[in-house]
Amino acid sequence: MVTINKLILTASAGGTCIGGLLLLKDALSGKIYEGKERIDGKVVIVTGANSGIGKETVKELANRGGKVYMACRDLQKCEEERQKIVLETKNKSVYCRECDLASQESVKEFVKTFKKEQQHLHILVNNAGVMKCPRLVTQENIELQLGVNHMGHFLLTNLLLDYLKESAPSRIVNVSSVAHARGRMKWSDLNSEIHYDKREAYNQSKLANVMFTMELSKRLQGTGVTANALHPGLVDTNIIRYINESAMGRYILALGAWPFIRTPQRGAQTVLYACLDPQFEKVSGKYLNDCEITSAAPQSLDEKNNLRLWLTSEKWTRLQAALNETGNNPVS
């Protein structure tokens, strides 16, 4: 009898501990966006949309009636997820289109295809990214993290600005990271050719996201197009696959960080806040975290460096030639 009572007490204590841990994890997983806005008929593009935060964003925006384009590098995976989303949301207006942000030609082809199929664009979510990978380069020989996380999205956004302006009020949502606060622009070695540190390169690319947002917002004043950047939280997605190459290292990291790691569904909440909350029809040039406007790092607010990054990005993406190729004019 004593043994049975001990087992019951042990089980009860264990259940209490597990319950407490789950409550703690839920509390640390961030706010849930509770707005009920519909976007029936509005056209949306989400990059990196076949997994993680991107997929959850597509799912929710499709649930709310949007015509959603999943811009993805892997069309097979994209189509598999698209079919699931269509079945779940009962929204047939979800489309897969190839867009490899590590290839500027692919970005241009995506834009050409999109513009043949649609006349408007109301929300652009620049979500795709790569994190702390070995030194790799894009097709244009740009360091991969800077090339995908910033340069590819810089080009995509500029090639779509005419549609965003014509569809105003419209929004640009750039998924950055709290890591931008640790970032520094290595102007003398922006492409990490002299020295490469995967963490420094990632932080630089995330800082570039916020700097781009601030300069873009400034240039878009009076157009009805807003641009905001955000931190989604520490989210369990494919982007963390390079953090630690050893299985044991990943296990230890996951165990220690478990209470703080958000599911992709929870990680998408601040993205949805930026996409849907009515205030962002007019509020622009802000940095968001946990469904709130908060302060960006001081180095992202340096107007001189923000302009320097913009002009450098124009050169590295051959923006003027790309705009001419797609029949557009650059934002003034």
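Which of the following residues is of a type in the set (A, V, I, L, M, F, W, C), over 27 Å from Gly52 (Cβ atoms) and touching a helix residue (DSSP H, G or I) at 6+ places or on another chain (Cβ under 9 Å): Leu272, Leu311, Leu288, Leu301? Of Leu272, Leu311, Leu288, Leu301, the one residue that is of a type in the set (A, V, I, L, M, F, W, C), over 27 Å from Gly52 (Cβ atoms) and touching a helix residue (DSSP H, G or I) at 6+ places or on another chain (Cβ under 9 Å) is Leu301. Scan segment 166-173 and tell me whether some residue there is charged (D, E, K, R) and surrounded by 21 or more Cβ atoms within 10 Å (Cβ to Cβ). Yes, segment 166-173 has at least one match. Just so you know, in segment 65-91 the residues that are under 18 Å from Leu121 (Cβ atoms) and touching a strand residue (DSSP E or B) at 6+ places or on another chain (Cβ under 9 Å) include one that is surrounded by the fewest Cβ atoms within 10 Å (Cβ to Cβ), and it is Asn91. Among the residues here, Lys36 qualifies as charged (D, E, K, R) and at pLDDT 95 or above. For segment 268-289, a residue qualifies if it is of a type outside the set (Phe, Trp, Tyr), closer than 21 Å to Thr57 by Cβ and in contact with a strand residue (DSSP E or B) (Cβ under 8 Å, 6 or more places away or on another chain), and the qualifying residues are Thr270, Val271, Ala274, Cys275, Glu281, Val283, Ser284, Lys286, Leu288, Asn289. I'm trying to understand the selection: among the residues of segment 164-205, which are of a type outside the set (A, V, I, L, M), within 24 Å of Asn228 (Cβ to Cβ) and not in a helix (DSSP H, G or I)? Ser167, Pro169, Ser170, Arg171, Asn174, Ser176, Ser177, Gly183, Arg184 - these are the residues of segment 164-205 that are of a type outside the set (A, V, I, L, M), within 24 Å of Asn228 (Cβ to Cβ) and not in a helix (DSSP H, G or I). A residue that is under 15 Å from the mean Cα position of the chain (by Cα), surrounded by 21 or more Cβ atoms within 10 Å (Cβ to Cβ), of a type outside the set (A, V, I, L, M) and under 24 Å from Arg64 (Cβ atoms) cannot be found anywhere in segment 133-145.
Identify all residues within segment 302-332 that are among the small types (Gly, Ala, Ser) and either modelled with pLDDT of 95 or more or under 20 Å from Arg184 (Cα atoms) (or both); write none if there are none.
Ser313, Ala321, Ala322, listed by residue number.
Of everything in segment 194-232, what is among the small types (Gly, Ala, Ser) and buried (at least 22 other Cβ atoms within 10 Å of the Cβ)? Give them in sequence order. Those that are among the small types (Gly, Ala, Ser) and buried (at least 22 other Cβ atoms within 10 Å of the Cβ): Ala201, Ser205, Ala208, Ala227, Ala229.
The values are calculated or read from the model by the stated rules, or taken from the named source; none is laboratory data. Quick caveat, the model's predicted, so the values are computed rather than measured. Reconstructed Cβ throughout: ideal geometry from the backbone, glycine too, with neighbour counts over all protein chains shown.
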